[in-house]
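Heads up, the thing below is written out as structure tokens.
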Amino acid sequence: MQKVNQCLILAAGNGTRIRTISGGLPKPLVDFRGKPIIEHIVQRAHRAGIQSFVIVVGYRSDLIRNWFEGRSLGVSVTFVENPDYHKANGVSALKARNAIHDNFLLLMADHLFEPETAEVLIEQPFGFDEVILAVDPNIDRVFDLDDATKVLRAGDRIIDIGKEITNYDALDTGMFLCSPAVFDRLEFATKEGNCSLSDGMHKLISEGRLRALEIGEGRWQDLDTPEALAHAEAVFDPYLHHQPNHESVVRV
């Protein structure tokens, strides 16, 4: 199986729920432990073995592009612009279609994770047209269950997914191992120019092509609100923690 070396990061949203502390910055540039969230995401994926990144930007994309300009994180970065960033996240994923040609890791720009989890995920064998979603069966430890995307499984196959489903046995961590065929499923699910990742996943479910990988005791956190950010500060081991680097902290 070909080694997965490319990562798609969705970073286009306007981050309305974290705006009380963002100061107008796009959410990926909000500070966490002395550096922007997006730097944590890239560095952790890089530690898992990813060398090439495609980042979909939208809201105040110039600030994200400017932050990366002139910085050497040891990886290659390609930006894709999504002017429709007010739409669901599946639209952002579709914008990157022409930049992705092989199997890839799909991440959210505001979902913190442990590098070991990503490493295990990208090493999974999977069939043509399949997608593997990293799921957390430890429902009791989730910080904000109401906002979490829920998953129902039958064996290792996912048979339902969504924020509103009432019958579930795990949670969506926002980490996917995908083949480029996922873009066809998102395209199929698009209605009136809009679709979410979950819409595309439902298409895969109908084909029996969405698998689950349990993350065990691995930590993850959606940094969607100030409260979630504070929670992550408390529960994450400081893998890449350092004293604040004034070149990394973004100010406007």
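The values are calculated or read from the model by the stated rules, or taken from the named source; none is laboratory data. All figures in this text were calculated on a predicted structure; none of them were measured in a lab. For neighbour counting, all protein chains shown are included, and Cβ atoms are generated from backbone atoms with ideal geometry for every residue, glycine included. Ligands, DNA and RNA are excluded from the accessible area calculation, which covers all protein heavy atoms including side chains. Shrake-Rupley method; radii C 1.70, N 1.55, O 1.52, S 1.80 Å.
Wholly within segment 1-96, which strands (runs of 3 or more DSSP E) include no fewer than the required count, namely at least 3 residues that are closer than 19 Å to Leu112 by Cα?
6-11, 52-57
Applying the selection to segment 57-77, what residues are in contact with an Asp or Glu (Cβ under 8 Å, 6 or more places away or on another chain) and buried (at least 16 other Cβ atoms within 10 Å of the Cβ)?
Within segment 57-77, Val57, Gly58, Ser61 qualify.
Could you tell me which residue of segment 28-56 is surrounded by the fewest Cβ atoms within 10 Å (Cβ to Cβ), considering only residues that are basic (Lys, Arg) and modelled with pLDDT of 95 or more?
Across segment 28-56, the extreme among qualifying residues is Arg47.
What residue, of Leu171, Leu121, Leu145, Leu152, is modelled with pLDDT of 95 or more, of a type in the set (A, V, I, L, M, F, W, C) and under 19 Å from Asp224 (Cβ atoms)?
Of Leu171, Leu121, Leu145, Leu152, the one residue that is modelled with pLDDT of 95 or more, of a type in the set (A, V, I, L, M, F, W, C) and under 19 Å from Asp224 (Cβ atoms) is Leu171.
Is there a residue being more than 26 Å from Pro226 (Cβ to Cβ), within 18 Å of the chain's Cα centre (by Cα) and open to solvent by 10 Å² or more (accessible area, probe 1.4 Å) anywhere in segment 1-13?
Among the residues of segment 1-13, at least one is more than 26 Å from Pro226 (Cβ to Cβ), within 18 Å of the chain's Cα centre (by Cα) and open to solvent by 10 Å² or more (accessible area, probe 1.4 Å), which makes the answer yes.
Does Ala88 count as more than 23 Å from Ala230 (Cβ to Cβ), out of contact with any strand residue (DSSP E or B) (no Cβ under 6 Å at 6 or more places or on another chain) and either of a type in the set (Gly, Ala, Ser) or open to solvent by less than 50 Å² (accessible area, probe 1.4 Å) (or both)?
The answer is no for Ala88.
Which of the residues spanning segment 223-234 are within 13 Å of Arg141 (Cβ to Cβ) and either in contact with a strand residue (DSSP E or B) (Cβ under 7 Å, 6 or more places away or on another chain) or surrounded by 14 or more Cβ atoms within 10 Å (Cβ to Cβ) (or both)?
Matches in segment 223-234: His231, Ala232.
Please specify each residue of segment 58-78 satisfying the condition of being over 24 Å from Leu121 (Cα atoms) and touching a Ser or Thr at 6+ places or on another chain (Cβ under 9 Å).
Those that are over 24 Å from Leu121 (Cα atoms) and touching a Ser or Thr at 6+ places or on another chain (Cβ under 9 Å): Gly58, Trp67, Arg71.
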